[in-house]
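**Student:** Got a structure for you, written out below as structure tokens; questions coming shortly.
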Amino acid sequence: MKKDVRSVISILDLTREEIESLMDTADEIERDPEAFSEVCRHKQLATLFFEPSTRTRLSFESAMLSLGGSVLGFSSANSSSASKGESVADTFEVVSNYADIIATRHPKEGAAYVGALHSSVPVVNAGDGGHFHPTQTLADLLTIRRKKGRLNDLCIGICGDLKYGRTVHSLIEAMQRYSGISYVLISPEELRLPGYMTDKLKAEGAEYVETADLEASMPKLDVLYMTRIQKERFTDEAEYQRLKDSYILTPDKLSSAKKDLCIMHPLPRVNEISVKVDEDERACYFYETYCGKQMRMALIMFLLGLTKDGAREVPKAPAKMEPKKVLRDVISCKNPACISSTEQELPQVFELADEEKHEYRCIYCDSLVRYQ
Amino acid sequence: MKKDVRSVISILDLTREEIESLMDTADEIERDPEAFSEVCRHKQLATLFFEPSTRTRLSFESAMLSLGGSVLGFSSANSSSASKGESVADTFEVVSNYADIIATRHPKEGAAYVGALHSSVPVVNAGDGGHFHPTQTLADLLTIRRKKGRLNDLCIGICGDLKYGRTVHSLIEAMQRYSGISYVLISPEELRLPGYMTDKLKAEGAEYVETADLEASMPKLDVLYMTRIQKERFTDEAEYQRLKDSYILTPDKLSSAKKDLCIMHPLPRVNEISVKVDEDERACYFYETYCGKQMRMALIMFLLGLTKDGAREVPKAPAKMEPKKVLRDVISCKNPACISSTEQELPQVFELADEEKHEYRCIYCDSLVRYQ
Amino acid sequence: MKKDVRSVISILDLTREEIESLMDTADEIERDPEAFSEVCRHKQLATLFFEPSTRTRLSFESAMLSLGGSVLGFSSANSSSASKGESVADTFEVVSNYADIIATRHPKEGAAYVGALHSSVPVVNAGDGGHFHPTQTLADLLTIRRKKGRLNDLCIGICGDLKYGRTVHSLIEAMQRYSGISYVLISPEELRLPGYMTDKLKAEGAEYVETADLEASMPKLDVLYMTRIQKERFTDEAEYQRLKDSYILTPDKLSSAKKDLCIMHPLPRVNEISVKVDEDERACYFYETYCGKQMRMALIMFLLGLTKDGAREVPKAPAKMEPKKVLRDVISCKNPACISSTEQELPQVFELADEEKHEYRCIYCDSLVRYQ
């Protein structure tokens, strides 16, 4: 975020108005893709994927190519200098000398943020560990808006791994900007939404219920957001085996659902939605990837300050808010998934989160630490 | 093969007339490549390579780039969501939302066919296990037509691994559409052409001999098609070591060959053709890769309905023939190399192959199973 | 180097005049990048990276894309047919049928040279083991010329691994073409510049000192070239651990340095330059990558015979000098890092290097062998 460059690390880095404008652009792209086919001519997107993610990477690449731009990058850490011990910071310092915009995925939380701190071009977070994945949320929002015709007054069921599912957390944060939203949070006990998320929902007066029963919840839902129970989130293999099949969506479970239910999934799925559901008209998960590409096209244009009618102002990073109390190299982050656990010479920076509770938040991974 | 999209899984998915038209286009490309340099502008090829194959992938990519299109994809399963357990079907559902045409390689037989069933854009099989590799055959045919001036009245020697060599089987199937073709099948006993292939040759009245002696066969050949004895096809390492050097082509073995012999090889070679043969004017194996790129250019144009003078009709998938008797989820395929052994929730489908023998053919890998 | 195609394997394959012309082009590119954005339209660069190197590969790719060309290739041997045993020679035979120019990296010394021998298009060596890396040297030279305003009358400190650092050797060879250059060679005893290099400096009358003390050397330097002490160069892990921190550049060590010192590093760094130095205005190592891209653009244009005003003559390979005495398949190279140790059927070729000493030089890796 050198030179006030605008990057998107979390969905909250975009205002509700900006997101709606991106959706309008996506709709324009759908109506007339040819009109956008040269918008990014001579522009380069770097896809820096420190861990593989086919769909996300290909979606970004296809988005850039459909705008007439070009693409370079790597698709796993093996193919990168990271295997020689290069830091994330240095990689971004270098690549921002080559490309006009960067999309990045990394297994560590906060990695995209560290990258953005060292980039002279916009950075889009394409997933940083279990932390954020804002362009998935953009795809989700467009899918809902197109399928339901609105983003308010919806009953949204979210099913599966609500504890570690970063797409779930981002979707809720994005939907909280709309009115009339209620949530049905469907998960096994062990994978319930984290306390800080339910605390936040309570504080914001949101309507939600927590349940373990997918079928009983079905009739009232307008949207059903299924998620994968990821093996890599479990330390206990047996526990994973016991739970993984608990929340499988099958045609018979859908018999009590609304006729216009919108069934979503961030993909890839393993078996949490039966292939037999694919033929159901309410299945929207492949359609989400179609929406996702168009939102990524819109986002790239936005960050580069380009429209189908030529250049416009490049968006600036928002003015920093009144600086909160900051601890610099006083305490260190204990989250083993935080980028600060591996990145060399990275300063340990915490911002005051809750004065009363003496809680500080790691600026990289958002973990809370008590300190007084 | 949604919406009757035309895909090419086997060489027999193209008629003889279509192949000849592709060769004519390839000849035009050779004469005036510049005339084709913008034919695929704004079109995207996805190369979905679930196992590595440099030459084939680069040939497809270079073909698309030489047509003014662009390319995205992955070059091994490690770099793809397949490592998270995503099915082939889902990958194609998603990627056909991004790209205009897909070329795919996969270690399992029938994988490209499964992909095509779930793709809304044309799929080209770039190799599915030991099963099919139609664009290699297109390269072979163009090489023979250019070097010999004809595709009929030829004595074709095929040497090496005739049992597992998919390129061998496809070449024979393609050549059987021409008249005056005779075959000299040169291999160790253990790697002879499979019985169903020789049965077919017999049934079609083809002239062929089987021999283990490369040198004795040499004088009568117009074409010598060498193949690699692949280590990965052997379960017994010692057996591989004993056989691998048996059929090495060296300059002295060529002393009795015709002056205009066309020496071919699908590449990569290990040591089955001595490097010393490369300087021989009859060595055509690198020339094949040159032909292969042009045939892939022609095929991409054909499937996208594009010509150097603009769009023409996109080819439709041929009307399904009178449906044969089908078994659906009655028996299952026993071939461990079949995609049905790994793809989740894939229906087990067999078509009646031989009523008298009660034989059914797996629609994915073409294995025969008896059932009554 | 078929058909007298011009390739760049070592920095000495370019004359001083050619390098200066490349730097002039790079300066033009910096002034007006748009003027070059279509120079390589319809041209393809293949990046054949048999081992990963993110920055170098992305720099080449970005250079080609910024010239309006396109890119294909692979980023590690895993993704290539090399894993099936294909030779380097065959890979280049094939790929030069697809692309217009090739950039290659390989772990073996001499691999790029073998590739060039089998390529019908220009080959640029992007690193062959510990041997050569000419485009890094081009980046270094442009950085020095831009930062210091000259390439003569400079005191150049080179610090770290001078024994195995290929970029060090190339930089010295390139600087030896200029007058008034003195060197301060700073390294632990074990990693001093090889004897043949110091012999050469002596023979050419160059001024140099060898020292183990970075701080004491600082005040007189105009340029400080830091290098990484690479783990992979050590057979003894303990020795590596003892040495690796010995030559770490920190802000306090810079206190005695000139105000206009140019601090360079070929990257990636591990910890040999503290991150705290990055903010120092004298830190030029990220700027080097910016220069490197422009030099690669200039080099690609040069080798393809293209200018911003259209095509010019494609450069020819220089006429072979009076053939020295050559030994062909008489002795074999003992260097385990030489490409001749792995490439199949590669002739063992040595040229007479020193008649008196009876020394012959391997044409691939430049190792010297005595033979009489």
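The values are calculated or read from the model by the stated rules, or taken from the named source; none is laboratory data. Predicted, not measured: the structure shown is a model, and the values here were computed from it. Cβ coordinates were reconstructed from backbone atoms using ideal geometry, including for glycine residues, and neighbour counts include every protein chain displayed. Keep in mind that these areas ignore ligands, DNA and RNA; they rest on the heavy atoms of the full protein, side chains included. Shrake-Rupley method; radii C 1.70, N 1.55, O 1.52, S 1.80 Å.
Each row is one residue, and each column tells you yes or no for (1) at pLDDT 95 or above; (2) more than 23 Å from residue C:315 (Cβ to Cβ); (3) assigned to a helix (DSSP H, G or I).
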| site | (1), (2), (3) |
| --- | --- |
| C:103 | yes, no, no |
| C:121 | yes, no, no |
| C:124 | yes, no, no |
| C:130 | no, yes, no |
| C:136 | yes, no, yes |
| C:140 | yes, no, yes |
| C:144 | yes, yes, yes |
| C:158 | yes, yes, no |
| C:163 | no, yes, no |
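**Student:** So which of B:98, B:113 is in the same structural domain as residue B:46 (by TED's automatic domain parsing), of a type in the set (Ser, Thr, Tyr) and under 20 Å from residue B:65 (Cβ atoms)?
**Tutor:** B:98
**Student:** Sticking with this structure for a sec: Tell me, which helices (runs of 4 or more DSSP H) wholly within the range B:214-321 include 3 or more residues that are under 30 Å from residue B:24 (Cβ atoms)?
**Tutor:** B:285-304
**Student:** Scanning for something part of a strand (DSSP E or B), among the β-branched types (Val, Ile, Thr) and open to solvent by less than 50 Å² (accessible area, probe 1.4 Å), does the range C:204-213 turn up at least one residue?
**Tutor:** Within the range C:204-213, one or more residues are part of a strand (DSSP E or B), among the β-branched types (Val, Ile, Thr) and open to solvent by less than 50 Å² (accessible area, probe 1.4 Å).
**Student:** Tally the residues that are more than 18 Å from residue B:69 (Cβ to Cβ) and either of a type in the set (A, V, I, L, M, F, W, C) or open to solvent by 60 Å² or more (accessible area, probe 1.4 Å) (or both), restricting the search to the range B:33-55.
**Tutor:** Matching residues across the range B:33-55 total 1.
**Student:** Of all residues in the range C:327-366, how many are over 19 Å from residue C:107 (Cα atoms) and crowded, with 20+ Cβ neighbours inside 10 Å?
**Tutor:** Here the count works out to 2.
**Student:** Taking the stated definitions as given, is residue B:103 more than 8 Å from every other protein chain (Cβ to nearest Cβ) and either surrounded by fewer than 24 Cβ atoms within 10 Å (Cβ to Cβ) or in contact (Cβ under 8 Å) with a residue 12 or more places away in the chain (or both)?
**Tutor:** yes
**Student:** Name the single residue, out of those in the range A:174-197 being in a helix (DSSP H, G or I) and modelled with pLDDT under 95, that is surrounded by the most Cβ atoms within 10 Å (Cβ to Cβ).
**Tutor:** Out of the qualifying residues, it is A:191.
**Student:** To continue, here is another question. When the residues of the range A:236-247 are filtered to those that are crowded, with 17+ Cβ neighbours inside 10 Å and without any contact (Cβ under 8 Å) to a residue 60 or more places away in the chain, which remaining residue is nearest to the chain's Cα centre (by Cα)?
**Tutor:** Step by step, filter the range A:236-247, then rank; the result is A:244.
**Student:** Next question. Take the conditions among the aromatic types (Phe, Trp, Tyr), within 21 Å of residue C:189 (Cα to Cα) and within 14 Å of chain A (Cβ to nearest Cβ) and apply them to residue C:240. Does it pass?
**Tutor:** Yes, satisfied.
Yes or no, residue by residue, for (1) farther than 21 Å from residue A:264 by Cα; (2) among the polar types (S, T, N, Q); (3) touching a helix residue (DSSP H, G or I) at 6+ places or on another chain (Cβ under 6 Å); (4) open to solvent by less than 10 Å² (accessible area, probe 1.4 Å):
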position: A:86; (1), (2), (3), (4): yes, no, no, no
position: A:110; (1), (2), (3), (4): yes, no, yes, yes
position: A:115; (1), (2), (3), (4): yes, no, yes, yes
position: A:120; (1), (2), (3), (4): yes, yes, yes, no
position: A:128; (1), (2), (3), (4): yes, no, yes, yes
position: A:143; (1), (2), (3), (4): no, yes, yes, yes
position: A:147; (1), (2), (3), (4): no, no, no, no
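**Student:** Something else: Restricting the search to the range A:195-229, which residues are among the small types (Gly, Ala, Ser) and free of Cβ contacts under 8 Å to residues at least 24 places away in the same chain?
**Tutor:** Passing the criteria: A:195, A:203, A:205, A:216.
**Student:** I'd like the residue in the range C:83-100 that is of a type in the set (Ser, Thr, Tyr) and more than 18 Å from residue C:340 (Cβ to Cβ) and, out of all such residues, is nearest to the other protein chains (Cβ to nearest Cβ).
**Tutor:** Restricting to residues being of a type in the set (Ser, Thr, Tyr) and more than 18 Å from residue C:340 (Cβ to Cβ), the top hit is C:98.
**Student:** Among the residues of the range A:251-282, which ones are surrounded by 12 or more Cβ atoms within 10 Å (Cβ to Cβ), free of Cβ contacts under 8 Å to residues at least 60 places away in the same chain and either more than 22 Å from residue A:212 (Cβ to Cβ) or within 12 Å of chain B (Cβ to nearest Cβ) (or both)?
**Tutor:** Those that are surrounded by 12 or more Cβ atoms within 10 Å (Cβ to Cβ), free of Cβ contacts under 8 Å to residues at least 60 places away in the same chain and either more than 22 Å from residue A:212 (Cβ to Cβ) or within 12 Å of chain B (Cβ to nearest Cβ) (or both): A:265, A:269, A:270, A:271, A:273, A:274, A:275, A:276, A:277, A:278, A:280, A:282.
**Student:** Test residue A:219 against the criterion of being away from chain B (no Cβ under 14 Å), open to solvent by 40 Å² or more (accessible area, probe 1.4 Å) and at pLDDT 95 or above, and give yes or no.
**Tutor:** In short, yes.
**Student:** Among (1) assigned to a helix (DSSP H, G or I); (2) at pLDDT below 95, where does residue C:86 come up short?
**Tutor:** It fails just one condition, (1).
**Student:** For residue A:355, only one of the following conditions fails: (1) within 14 Å of another protein chain (Cβ to nearest Cβ); (2) more than 27 Å from residue A:92 (Cα to Cα). What is its number?
**Tutor:** Of (1) within 14 Å of another protein chain (Cβ to nearest Cβ); (2) more than 27 Å from residue A:92 (Cα to Cα), only one is false for residue A:355: (1).
**Student:** If you don't mind, there's one more thing I want to ask. Of the residues A:37, A:59, which is closer than 24 Å to residue B:90 by Cα and facing another protein chain (nearest Cβ under 8 Å)?
**Tutor:** It is A:59.
**Student:** While we're on this one: Go through (1) within 14 Å of chain A (Cβ to nearest Cβ); (2) touching a Ser or Thr at 6+ places or on another chain (Cβ under 6 Å); (3) not hydroxyl-bearing (Ser, Thr, Tyr) and name the single condition residue B:123 misses.
**Tutor:** Every listed condition holds for residue B:123 apart from (1).
**Student:** Oh, and also: If you go through the range A:283-322 one residue at a time, how many are touching a Lys or Arg at 6+ places or on another chain (Cβ under 9 Å) and open to solvent by 70 Å² or more (accessible area, probe 1.4 Å)?
**Tutor:** 3
**Student:** In the list B:142, B:138, B:72, B:65, which residue meets the criterion of being within 14 Å of chain A (Cβ to nearest Cβ) and either on the phi > 0 side of the Ramachandran plot or in contact (Cβ under 8 Å) with a residue 24 or more places away in the chain (or both)?
**Tutor:** One residue alone meets the criteria, B:72.
**Student:** Say whether the condition of being open to solvent by less than 60 Å² (accessible area, probe 1.4 Å), over 30 Å from residue A:76 (Cα atoms) and at pLDDT 95 or above is met by at least one residue in the range B:64-77.
**Tutor:** No, the range B:64-77 contains no residue that is open to solvent by less than 60 Å² (accessible area, probe 1.4 Å), over 30 Å from residue A:76 (Cα atoms) and at pLDDT 95 or above.
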